[in-house]
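One structure is given here, and the rest of the page talks about it.
The values are calculated or read from the model by the stated rules, or taken from the named source; none is laboratory data. None of these values were measured; they are calculated from a predicted model. Virtual Cβ from ideal backbone geometry, glycine too; neighbours counted across all protein chains shown. Heavy atoms of the whole protein, side chains included, go into the accessibility calculation; ligands, DNA and RNA do not. Shrake-Rupley method; radii C 1.70, N 1.55, O 1.52, S 1.80 Å.
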Amino acid sequence: MATLEHKASVAPEQTVSAAPKADERMRQVSLATQIMRRPELGAVAGLVLVVIFFFLTADRSMFTLAGAMTILAPASQLGILAIAAALLMIGGEFDLSIGSMVAFAGLVFGVLLINFGQPLSIAILLTLLFSGVVGAVNGQIVIRTRLPSFIVTLAFLFILRGLTLVGLKWATGGSTQLRGISSAVADSPLLHLFSGQAFEGFFLWLARNGVIETFDNGLPKVTGVPVSVIWFIALALLATWVLLRTRTGNWIFAAGGDPNAARNSGVPVNRVKTSLFALTACAAALVAIITVLDAGSTDARRGFQKEFEAIIAAVIGGCLLTGGYGSAIGAFFGAVIFGLVSIGLTYTRFDSDWFQVFLGSMLLLAVLFNNFIRRRVTGER
Amino acid sequence: MATLEHKASVAPEQTVSAAPKADERMRQVSLATQIMRRPELGAVAGLVLVVIFFFLTADRSMFTLAGAMTILAPASQLGILAIAAALLMIGGEFDLSIGSMVAFAGLVFGVLLINFGQPLSIAILLTLLFSGVVGAVNGQIVIRTRLPSFIVTLAFLFILRGLTLVGLKWATGGSTQLRGISSAVADSPLLHLFSGQAFEGFFLWLARNGVIETFDNGLPKVTGVPVSVIWFIALALLATWVLLRTRTGNWIFAAGGDPNAARNSGVPVNRVKTSLFALTACAAALVAIITVLDAGSTDARRGFQKEFEAIIAAVIGGCLLTGGYGSAIGAFFGAVIFGLVSIGLTYTRFDSDWFQVFLGSMLLLAVLFNNFIRRRVTGER
Amino acid sequence: MAATAARTPIIEVRDIVKHYGSIIALNGVSIEVSAGEVLCLLGDNGAGKSTLIKMLSGAVRPTSGEFLVEGQPVDFVSPRDALDAGIATVFQDLAMIPLMSITRNFFMGREPVSGFWPFRHIDMKHCNAVTRDEMHKIGIDIRDPNQAVGTLSGGERQCVAIARAVYFGAKVLILDEPTSALGVAQTSMVLKYIHQVQQKGLGVIFITHNVRHAYAVGDRFTVLNRGQTLGTFSKSEISMEEVQNLMAGGKELQTLSADLNGTI
Amino acid sequence: MAATAARTPIIEVRDIVKHYGSIIALNGVSIEVSAGEVLCLLGDNGAGKSTLIKMLSGAVRPTSGEFLVEGQPVDFVSPRDALDAGIATVFQDLAMIPLMSITRNFFMGREPVSGFWPFRHIDMKHCNAVTRDEMHKIGIDIRDPNQAVGTLSGGERQCVAIARAVYFGAKVLILDEPTSALGVAQTSMVLKYIHQVQQKGLGVIFITHNVRHAYAVGDRFTVLNRGQTLGTFSKSEISMEEVQNLMAGGKELQTLSADLNGTI
Amino acid sequence: ADVRIVAVTHGQANDPFWSVVKNGVSAAAKDMGASVDYRAPETFDMVAMSQLIDAAVNQKPAGLIVSIPDASALGPSIKKAVAAGIPVISINSGSDVSKELGALLHVGQEEYAAGKAAGEKLKELGGKKGICVNQEVGNVSLDQRCKGFGDGFGGSVTVLPVSNDPTEVRAKVKAALSADTAIDTVMALGASTAGEPSLAAVEDAGRAGKVHVATFDLSADFLKAVSAGKAAFAIDQQQFLQGYLPVVFLANYAKFGLIPSGNVPSGPNLITKEKAAQVVELSAKGIR
Ligand SMILES: Nc1ncnc2c1ncn2[C@@H]1O[C@H](COP(=O)(O)OP(=O)(O)OP(=O)(O)O)[C@@H](O)[C@H]1O
Ligand SMILES: Nc1ncnc2c1ncn2[C@@H]1O[C@H](COP(=O)(O)OP(=O)(O)OP(=O)(O)O)[C@@H](O)[C@H]1O
Ligand SMILES: [Mg+2]
Ligand SMILES: [Mg+2]
């Protein structure tokens, strides 16, 4: 909270785009300074540090195409959540029920496919719709009662997680694991939008031409880009565009920066916040759909603590917990850093007992380094 | 965040104590209104609701003295953390490392007792000291780097949790549980301050005189009040006094309300925040000492997610996540509500699969009810 | 009282009461503003001027009382309603987001968009240009329209709020102590604006503690005191000194003024 | 220039420069204040007055330049250092905590304690009484000293900040636009305070955009423009009109004033 | 070490049960002169686990050890490992699908079977009404233990969801016992997290000796209680072997191409009063 004023004074948004003028009250600053001042790019320094660390300590296979994909797959799933969480945080609210929503949406999706035998398209549509409604309900409760979103969505964290358990037991007749989804959707044309790899043909071609590594049987080691990565990148770009270039983006910043002032200026704060809650829930549902289709099953623990990781990624990426400041690209890099550190450690020889110590230290170092570089470059105090 | 202005306008602190004057710009308000306006007492309505709910649904044994003690024991341990977390939140910061600190302090305490054969007094002193230092380091990092405390203490959440595992394996030669503590401290005079029950003699006397229930062998069903309950109540009173009646309390509110304004008015914000971090860590150490002495052992999973529960309790009790507003008594009631709901459900006949659904719903209901009653009584919009 | 009673006032409130819990902020206040008229709202600190303004602009709802816009009773639930009804306000606390840029604050809530639906976006270049321009008109030479508003000086910030309200025009312009932090040149610009706006046929409600400013542009003066109306006077009925005495709420200004050579 | 050059000034700064990233807020400013003197700091919006004040009160640190207190070079790292050195400031943004009560804000950072150590506490009754009293003196009749400052009117809040600075006395009193939101009566009280404080031998730095106020209490006038000093003038050297023209930074005030009958 | 083996399981390094597995892995690594990396997701998270397997496969180890609590979720990754020519041994859970997915063999015990065995034993001891103290509801392997227990026990069984906090476990068990005095059996799913506090709770409730307490896995203090007759028994999967043996097998397979031809059942093994005393010390060292 102490950082509000501080950020204000160092990161005038988009100084980069300002036309240079001759004003004796302005100093000339280097391009590096201008870039580092963008909240989007603050997290890059940390990413570079982390990459260097792994370059020095990790197995070479981490830096192959296949290695990159093994890191990007989890990072992208987290990232989809992180981008939505970042938007919501910029809008001044939290959603702690994201993780439970992943599990619950997974259940709904699975039940629609298996118990009700719906086609994939209907199941996806209904799952997204349903999650959106739950998200909007969350938002409406927060707005009407003016309770902190922390406590309201926390209640939903428990409720949705509990309902998932009850629902799973009902759907499976007593188990907490719902299986058989792969076979239920085997030949749906929509499948390739939400599961498996994209650009498979291209990668096959690359492999044939010896551009990328192959297994002994001639198949490429990497058969494509996981679709979740495509979603992740697309969402990051879309969210960035919305934040920086649209009316909605302006409203999100305003609603999070000072809801009263925003309301007084005519911003429909309640509508903005409700939409953001719905969006976050939909992002959780999207992740649920992707993971359920990929795994072919769902269980009561899916998405456990993902809300937490999403918030971590958003904060690493420079979002303020108090709202009104942050970026989608930052959350993108935050998710990549988090994914990189947590998967990357498996490529090193550190004993797994030390895993958490490393995870914590790397996160701290990455953020400290971001901060250090930014201050250094922008010449701030 | 939207609630700041709102709270300001409805809860002028301690309106109760204002001397009634004849001012035509003031309405007469009822005592109930005045009481409900105190942040400390907001959580009482929720508590009453929860108690009524259990009275209607739970087994009678919940409402015996033994039942009360069963609930108070865990609630008090959570409460000690919640009070410290509330102070820190009022001071404008978070500490997500509390839970890991419980585990880590437990390890330090156990190792001092067992591996280094220190007497109880030294072990307690060093454990508290050590935790305080770690807390202060946390605080200093937050202050110097001006990073959000969320991310810094999150790093410590991982680091301390990881170090606990490594330390335990080192201390035990491979196990994740360090035991034998009961025998190591068997006859220390200090023991009764940190473990077991208080007022045992009194309870025995009550039992002899048939005031309280006894087992068939004539021993009282409840042999005393768990010491953690005494600590809990004492800390709640102390913290309330500090917040409302001392200079330090004023500084805590100021540091959390607006650190810049506070600094400009001469409040040593950094010192206040550092002390609060140290205090929170010490509270975690106290809980560690109490649980380790009670259980006679410590393991790598102690205190898991306690940081989360402590924050929940503080928020139920009316603390604002944005700082500058809240109370220790509120956190006290918050912890009792949380403990009551989570233990109380085992006294009911609900299918345990529904546990989380109920937990979430009860928490939401309690907070909604608080809010509803307060608005009703204070006649606010 | 007023000379304009024949026309339907654009805004009229009757017997407005506002309680905040036990605090009575307004206790029966009535005012009206017609088109092409500047109503000055005067009164001591804490008299309830801003509370009244907040009610007119939909930011708070009255505890009781009537509120008519162009003769029709209205019940604004949000400031957006008031904006839609043509009431633009400069709040005393300015209603700015410190972390956002000047341009974004300037257009907040009324962003102009271009392009077709899925690609509808804000033309930031145009917005920046408009902002720089409007600020220049009011007498502020901003360095960079992307500077965060939180880092502007107090007066610069106030100018953004005023420029915004004036730019977006309206039927009624409400200004709550708009000149409190302004420099000499900026102040005269604002007074000139009020004059222009009035000429265009808008109604203006202008709050100030500066008698000279009030007397310079005001047509009528309503004085509030401790949540109640002390009376409404048109310029022809009352002298500057009388206004000043009313504003001070009958405190012994004479003695004070004497010490300071009548410079207030 | 100044008539008081012989005495050591209480505060003296030379060639102060302050950059915020690429923004140059101050670009070589020098001022000095002696005991028993009121220095008025004048200048357009964004001239850098508040930035200079924040430096004097330890809230920001200069990029370069010298800062002497009673002839000794100092380097304040926090406002507490400045307070300890006897410099009390009313900031333009008031430095109040909206969620805290009037009394708590009044005494913030300098709470009087009674009792022995482990039981040392604030005597709230006494504090409340002092607060009510001091506010009354400045012309505000507060309802309840426990009301949250965030719910006070703009002028009431400003009065709390002023009353606090005056109450805690000091060697130097710095007031950054203290009267901007004040009513007529309260303003005259503040000007009277400045006069009293000066009589007691304190130095005062007073920022205002109101020429009359400045001329009423000021001994010397320093004019800032776009981060630089335009010059320092003692009252005997300069007339009110000249000051006014300097403040407006040479803008064509004549034309404006003409429109508005010279009422600014 | 030239032989590199990766173990990916669903149990975190700080889980008392899995820490023993990990100790087995480390001991075998030392004995065989192999290097073994032990990996597990931060929570019971099948998606994360499959990603860890992918990451392991990418490093082309000489052998892969996996637990398979969810065949659908982990199957594709395991098949990928097999396809990449990495020998796989499954441990702990997944004996039924192990072959199908291409694993060489399975070392371990079915959670469900162990639960059932425990249930039957407790029924034999005269239990009629039981509670199953589950410290991680939703963790499929723990849920299966409970289910097995219920099926073996026959009588009425309710699940008591608890956390890792001993004070809370104790309070909840005590509450359950006093709310329903007919409960005569407590089945804990972890010795130190759930078993020890359950024992304390039984004592608190004044029901010591009247309620049978049993637990999955071992802990020194629980074993002491077993040998003192305060607790019924503990179920030992000898999970040390689940870590140790696969490493030995895979190392030998890598060096000499030798591998047993069938699954190795490492449990269940009920530790009752007679055997308890001798295991206490080993348990305190993280071997049992
Ligand atoms: N949200 C609130 N809660 C409680 N009291 C309030 C609230 N808002 C305003 N008040 C009280 O109502 C009274 C009127 O306030 P208002 O802001 O309308 O005064 P004002 O006339 O604008 O004064 P100023 O000239 O100082 O700006 C003040 O005494 C203030 O303390
Ligand atoms: N934290 C900051 N970051 C960037 N620029 C700043 C910051 N603070 C002030 N400035 C700039 O420095 C200049 C001087 O500001 P300052 O507040 O000192 O002006 P002022 O003379 O007090 O004006 P006013 O009379 O309007 O209060 C302004 O143009 C402002 O935009
Ligand atoms: Mg006002
Ligand atoms: Mg200023």
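When you go through (1) modelled with pLDDT of 95 or more; (2) assigned to a loop (DSSP other than H, G, I, E, B) one by one for B:SER275, which number turns out not to apply?
The number of the failed condition is (2).
Looking at the stretch E:192-201 only, could you name the residues that are within 9 Å of another protein chain (Cβ to nearest Cβ) and within 15 Å of E:ILE235 (Cα to Cα)?
E:SER192, E:THR193, E:GLU196
Can you name the condition, by its number, that C:MET124 falls short on among (1) open to solvent by 10 Å² or more (accessible area, probe 1.4 Å); (2) aliphatic (A, V, I, L, M); (3) away from every other protein chain (no Cβ under 12 Å)?
(3)
Listed residues C:VAL29, C:VAL33, C:VAL90; which is within 16 Å of the chain's Cα centre (by Cα), modelled with pLDDT of 90 or more and within 16 Å of ligand 3 (Cβ to nearest atom)?
Just one listed residue meets the conditions, C:VAL90.
Kindly check whether there is at least one residue in the stretch C:205-213 that is within 16 Å of ligand 4 (Cβ to nearest atom), within 11 Å of another protein chain (Cβ to nearest Cβ) and open to solvent by 10 Å² or more (accessible area, probe 1.4 Å).
No, the stretch C:205-213 contains no residue that is within 16 Å of ligand 4 (Cβ to nearest atom), within 11 Å of another protein chain (Cβ to nearest Cβ) and open to solvent by 10 Å² or more (accessible area, probe 1.4 Å).
Which of the residues that make up the stretch A:165-202 are more than 8 Å from every other protein chain (Cβ to nearest Cβ) and in contact with a Lys or Arg (Cβ under 9 Å, 6 or more places away or on another chain)?
Listed by number, the list holds a single entry, A:THR172.
So which residues in the stretch E:117-137 are open to solvent by 10 Å² or more (accessible area, probe 1.4 Å) and in contact with a Leu (Cβ under 8 Å, 6 or more places away or on another chain), if there are any at all?
Of everything in the stretch E:117-137, those that are open to solvent by 10 Å² or more (accessible area, probe 1.4 Å) and in contact with a Leu (Cβ under 8 Å, 6 or more places away or on another chain) turn out to be E:ALA117, E:LYS121, E:GLN135, E:GLU136, E:VAL137.
Determine if the stretch E:205-224 includes at least one residue that is of a type in the set (S, T, N, Q), surrounded by fewer than 21 Cβ atoms within 10 Å (Cβ to Cβ) and in a loop (DSSP other than H, G, I, E, B). Full working, then the answer.
Going through the stretch E:205-224, the residues of a type in the set (S, T, N, Q) turn out to be E:215, E:219.
Those still in the list that are surrounded by fewer than 21 Cβ atoms within 10 Å (Cβ to Cβ) too: none.
No, the stretch E:205-224 has no match at all.
Within the stretch D:124-140, which residues are modelled with pLDDT of 90 or more and of a type outside the set (A, V, I, L, M, F, W, C)?
Within the stretch D:124-140, D:LYS125, D:HIS126, D:ASN128, D:THR131, D:ARG132, D:ASP133, D:GLU134, D:HIS136 meet the criteria.
Restricting to the stretch B:205-219, name every residue that is open to solvent by 60 Å² or more (accessible area, probe 1.4 Å) and either β-branched (Val, Ile, Thr) or touching a residue at least 12 places away in the same chain (Cβ under 8 Å) (or both).
B:VAL211, B:GLU213, B:LEU219
It is to be established whether one or more residues within the stretch E:270-284 are aliphatic (A, V, I, L, M), more than 14 Å from chain B (Cβ to nearest Cβ) and over 16 Å from E:ASP217 (Cα atoms). Reasoning before the result, please.
Going residue by residue through the stretch E:270-284, those that are aliphatic (A, V, I, L, M) are E:270-271, E:276-277, E:279-280, E:282, E:284.
Checking which are more than 14 Å from chain B (Cβ to nearest Cβ) leaves us with E:270-271, E:276-277.
Those left that are additionally over 16 Å from E:ASP217 (Cα atoms): none.
No, the conditions are met nowhere in the stretch E:270-284.
Output the residues belonging to the stretch C:155-188 that are away from ligand 2 (no atom under 16 Å from the Cβ) and either open to solvent by 10 Å² or more (accessible area, probe 1.4 Å) or of a type outside the set (D, E, K, R) (or both).
Within the stretch C:155-188, C:ARG164, C:ALA165, C:VAL166, C:TYR167, C:PHE168, C:GLY169, C:ALA170, C:LYS171, C:VAL172, C:LEU173, C:ILE174, C:LEU175 qualify.
Within the stretch B:313-324, is there a residue that is within 7 Å of another protein chain (Cβ to nearest Cβ), in a helix (DSSP H, G or I) and buried (at least 22 other Cβ atoms within 10 Å of the Cβ)?
Yes - at least one qualifying residue is present in the stretch B:313-324.
Given the condition away from ligand 3 (no atom under 16 Å from the Cβ), crowded, with 24+ Cβ neighbours inside 10 Å and β-branched (Val, Ile, Thr), answer yes or no: does some residue in the stretch D:47-63 qualify?
Looking through the stretch D:47-63, none of the residues is away from ligand 3 (no atom under 16 Å from the Cβ), crowded, with 24+ Cβ neighbours inside 10 Å and β-branched (Val, Ile, Thr).
B:THR298 - would you say it is of a type in the set (S, T, N, Q), within 10 Å of another protein chain (Cβ to nearest Cβ) and out of contact with any Gly (no Cβ under 7 Å at 6 or more places or on another chain)?
no
Is it the case, given these coordinates, that D:ILE174 is within 16 Å of ligand 4 (Cβ to nearest atom), closer than 25 Å to D:LYS200 by Cα and not in a helix (DSSP H, G or I)?
Numbers: within 16 Å of ligand 4 (Cβ to nearest atom): yes; closer than 25 Å to D:LYS200 by Cα: yes; not in a helix (DSSP H, G or I): yes.
So D:ILE174 fits the description; yes.
Need the failing condition index for C:GLY203 against (1) more than 15 Å from ligand 1 (Cβ to nearest atom); (2) among the small types (Gly, Ala, Ser); (3) over 22 Å from C:LEU94 (Cα atoms); (4) in contact (Cβ under 8 Å) with a residue 60 or more places away in the chain, just the number.
(3)
Considering only the stretch A:267-276, state which residues are more than 23 Å from the chain's Cα centre (by Cα) and buried (at least 24 other Cβ atoms within 10 Å of the Cβ).
Those that are more than 23 Å from the chain's Cα centre (by Cα) and buried (at least 24 other Cβ atoms within 10 Å of the Cβ): A:VAL267, A:VAL269.
Considering D:THR179, D:THR187, which residue is farther than 26 Å from B:TYR325 by Cβ and not in a helix (DSSP H, G or I)?
Criteria check complete, one pass: D:THR179.
Look through D:PHE91, D:PHE119, D:PHE107 and report the one residue that is more than 25 Å from D:THR229 (Cα to Cα) and in contact (Cβ under 8 Å) with a residue 12 or more places away in the chain.
Unique residue meeting the criteria: D:PHE107.
Given the options D:PHE91, D:PHE67, name the one that is within 12 Å of chain C (Cβ to nearest Cβ) and either among the hydrophobic types (A, V, I, L, M, F, W, C) or open to solvent by 20 Å² or more (accessible area, probe 1.4 Å) (or both).
None of the other options fit; the residue is D:PHE91.
Which pairs do you get when a residue that is within 11 Å of another protein chain (Cβ to nearest Cβ), found in the stretch D:36-58, comes within reach of a residue that is open to solvent by 10 Å² or more (accessible area, probe 1.4 Å) and within 16 Å of ligand 3 (Cβ to nearest atom), reach meaning Cβ atoms under 7 angstrom, with the pair 6+ apart or on two chains?
D:SER50/C:GLY154
Can you tell me which residues in the stretch A:92-118 are within 14 Å of chain B (Cβ to nearest Cβ) and assigned to a helix (DSSP H, G or I)? Explain how you work it out, then say what you get.
Of the stretch A:92-118, the ones within 14 Å of chain B (Cβ to nearest Cβ) are A:92-97, A:99-101, A:103-104, A:107.
Once the filter is applied, which keeps residues that are within 14 Å of chain B (Cβ to nearest Cβ) and assigned to a helix (DSSP H, G or I), the stretch A:92-118 yields A:GLY99, A:SER100, A:MET101, A:ALA103, A:PHE104, A:LEU107.
Of the residues D:GLU252, D:GLU242, D:GLU237, which is open to solvent by 50 Å² or more (accessible area, probe 1.4 Å) and at pLDDT below 55?
D:GLU252
Condition first: touching a residue at least 24 places away in the same chain (Cβ under 8 Å), surrounded by fewer than 24 Cβ atoms within 10 Å (Cβ to Cβ) and more than 9 Å from every other protein chain (Cβ to nearest Cβ). Can you find one or more residues in the stretch B:352-372 that meet it?
The answer is yes, given that some residue of the stretch B:352-372 is touching a residue at least 24 places away in the same chain (Cβ under 8 Å), surrounded by fewer than 24 Cβ atoms within 10 Å (Cβ to Cβ) and more than 9 Å from every other protein chain (Cβ to nearest Cβ).
Would you point out the residue of the stretch B:214-239, among those that are touching a strand residue (DSSP E or B) at 6+ places or on another chain (Cβ under 7 Å) and part of a loop (DSSP other than H, G, I, E, B), that is nearest to the other protein chains (Cβ to nearest Cβ)?
Of the stretch B:214-239, the ones touching a strand residue (DSSP E or B) at 6+ places or on another chain (Cβ under 7 Å) are B:214, B:220-221, B:223-227, B:230.
Among the residues that remain, those that are also part of a loop (DSSP other than H, G, I, E, B) are: B:221, B:223-224.
Numbers: B:LYS221: 7, B:THR223: 9, B:GLY224: 12 Å.
Restricting to residues being touching a strand residue (DSSP E or B) at 6+ places or on another chain (Cβ under 7 Å) and part of a loop (DSSP other than H, G, I, E, B), the top hit is B:LYS221.
Considering the stretch A:129-182 alone, what residues qualify as being surrounded by fewer than 18 Cβ atoms within 10 Å (Cβ to Cβ), part of a loop (DSSP other than H, G, I, E, B) and without any contact (Cβ under 8 Å) to a residue 40 or more places away in the chain?
Correct list: A:ARG146, A:GLY173, A:GLY174, A:SER175.
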